[in-house]
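Here is the structure we will look at, set down as structure tokens.
The values are calculated or read from the model by the stated rules, or taken from the named source; none is laboratory data. Here the structure is a predicted model, which is why all the values come from computation and not from measurement. Neighbour counts run over all protein chains shown; Cβ positions are idealised from the backbone, glycine included. To get the accessible areas, we keep the full protein, side chains included, count just its heavy atoms, and leave off ligands, DNA and RNA. Shrake-Rupley method; radii C 1.70, N 1.55, O 1.52, S 1.80 Å.
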Amino acid sequence: MTPHTIRFILPTLAVFAAGAAIAAAPNPARTALLDGYAAQAKAQSPAFAGFSAERGRALYLGPHGGGKPETNACAACHTPDPTAQGRHQRTGRGIEPMAVSANPKRFTDPVEVEKRFDRDCPAVLGRACTAQEKGDFITYLSGQ
Amino acid sequence: MPRRLAAAAALLLLSGVAASANEFERVRPVTNDATRKECGECHMAFQPGLLPAGSWTRIMDGLDDHFGEKASLPPGPAAEIRAYLTGNAAGRGDPTLLRITEQRWWLREHRFRPEVWLRKDVMSKANCEACHRDAARGLYEDD
């Protein structure tokens, strides 16, 4: 095998391995994160009845009022197709896909996830996201 | 449009032959992990050598309202990043200006038609990587 074919085959194998891992079992860090949001949502509202991918999708696609007009949806930076590469609406910088199928690392680092909810929700909604909304959002993207 | 940009580059290159080498054409890449991570999410992590220490201090003082974005950090990483940026800052430039893209040397190198900045793959003057392939490695000479 020439070094060239090795360079081609190795990344391909890595992609297969990652794909198999998601199909086999949900990521424990992501499950723990969702469990945490479920507990918070229950504490905030006794009527809490689980997360909804459909509501998460509506949050993702918008449009919303209350935030900055040029970022009236999560999709403004994360792109309407969550399996595609996004682009920061102001700086033009590329953003890795949000869909877990396309980017298995998503929603596995709780500090990073909380930091970004903290910044991105006010820019889009003009307020923080609730635990219900965070869980809906992650549930939607985990299924994409 | 790319052809026009190439022409601009060629002109700038020609005019650069006579001038002395630009000290910003190669700057030290970012070597601090916290800076790479926390300052490299919304745009590339700009190298400390692109701005004087006074500009970095003012940027780090204003992360709550960072060009209209909330970019605040916990005290630990904030102090580490501040020390790294100011400790490796440029020896020249105007410390009263926060932006690289408002520094005189930068404006001199980027006199393009206004449409260039609106191109979909550029979008912002701060999107160095759109035009300088190796910007993340601190290489801005012609490529």
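Using the Cα atoms of the range B:75-133 to build a convex hull, what is its mean projected area in square nanometres?
Numbers: hull surface 22.7 nm².
With every direction weighted equally, the projected area is 5.7 nm².
Which cross-chain or sequence-distant (5 or more) residues have an amide H under 5 Å from the amide H of B:His66, H modelled 1.01 Å from N in plane?
Under 5 Å from the amide H of B:His66 lie the amide H atoms of B:Ala71, each far enough along the sequence or on another chain.
Under the rule of at least 5 residues apart or a separate chain, name every residue whose amide H is placed under 5 Å from the amide H of B:Ala90.
Sorted by chain and number, the residues that satisfy this are B:Leu50, B:Leu51, B:Ala53.
What list of ³J(HN,Hα) couplings, whole Hz, do you get for the range A:105-122 from phi and the Karplus terms 6.51, -1.76, 1.60, once you set θ to phi - 60° and write x for glycine and proline?
Calculated HN-Hα couplings, in order: 6, 4, 6, 10, 10, x, 5, 4, 5, 5, 4, 6, 4, 4, 8, 7, 4, x Hz.
Separation between the B:Asp94 and B:Lys37 pseudo-spin-labels, each 7 Å from Cα along Cα→Cβ, expressed in nm?
Distance between label points: 3.6 nm.
To make sure I understand the rule: partners must be lysines, Cα under 18 Å from the Cα of B:Lys37, and not fewer than 8 residues away in the same chain. Which ones qualify?
A:Lys105, A:Lys115, B:Lys70
In the range A:112-138, what residues drop by 10 Å² or more of accessible area when the other protein chains are put back, versus the chain on its own? Use 1.4 Å, and skip ligands and nucleic acids.
SASA drop of 10 Å² or more in the range A:112-138: A:Glu112, A:Lys115, A:Arg116, A:Asp118, A:Arg119.
So which GluC sites (Glu not before Pro) in the range B:79-143 pass both tests, a DSSP loop state and at most 15 other Cβ atoms within 10 Å of the Cβ?
Passing both the DSSP loop test and the Cβ count: B:Glu141.
Quick one: which residues, 5+ away or cross-chain, put their amide H under 5 Å from the amide H of A:Ile95? H built at 1.01 Å from N.
HN-HN under 5 Å from A:Ile95: A:Gly86, A:Arg87, A:His88.
List the aspartates and glutamates whose Cα lies under 14 Å from the Cα of B:Lys125, skipping any in the same chain that are fewer than 8 positions away.
Answer for B:Lys125, where 14 Å is the Cα cut-off: B:Glu102, B:Glu109, B:Glu115, listed by chain and number.
Quick one: Karplus J couplings for the range A:123-128, per residue in order, coefficients 6.51, -1.76, 1.60, θ = phi - 60°, nearest Hz, x for Gly and Pro?
Result, rounded to whole Hz: 5, 9, 9, x, 7, 6.
How far apart, in nanometres, would the label points at B:His110 and B:Ala79 be if each is projected 7 angstrom from Cα along the Cα-to-Cβ direction?
Spacing of the two 7 Å Cα→Cβ label points: 3.4 nm.
Tell me, what ³J(HN,Hα) does each residue in the range A:61-75 have, in order and in whole Hz, if you take phi through Karplus 6.51 cos²θ - 1.76 cosθ + 1.60 with θ = phi - 60° and put x for Gly and Pro?
Values per residue, Gly and Pro as x: 7, x, x, 10, x, x, x, 7, x, 7, 10, 8, 7, 4, 5 Hz.
How far apart, in nanometres, would the label points at A:Val111 and A:Leu61 be if each is projected 7 angstrom from Cα along the Cα-to-Cβ direction?
Computed distance between label sites A:Val111 and A:Leu61 equals 3.6 nm.
Once R0 is set to 25 Å, what does the formula 1/(1 + (r/R0)^6) return for the Cβ-Cβ distance between B:Asn22 and B:Leu118, expressed as a FRET efficiency to the nearest 0.05? Don't jump to the answer; show the numbers that get you there.
Details: r = 26 Å, r/R0 = 1.04.
That pair, B:Asn22 with B:Leu118, gives E of 0.45.
Under 15 Å Cα-Cα from A:Lys134, which aspartates and glutamates qualify once same-chain neighbours fewer than 8 residues away are excluded?
Filter leaves A:Asp35, A:Glu54, A:Asp109, A:Glu112, A:Glu114, A:Asp118, A:Asp120.
Could you tell me the total accessible area buried at the A-B interface, probe 1.4 Å, in square angstrom to the nearest hundred? Show your work: numbers first, answer last.
On the way: alone 8720 and 9120 Å², together 16330 Å².
Heavy-atom accessible area buried at this interface is about 1500 Å².
Keeping all protein chains in place, calculate the accessible area per residue for the range A:27-142 (probe 1.4 angstrom), answer in Å². Before the final figure, lay out each step's value.
Details: 5560 Å² over 116 residues.
Spelled out: the 1.4 Å probe surface of the range A:27-142, per residue, equals 48 Å².
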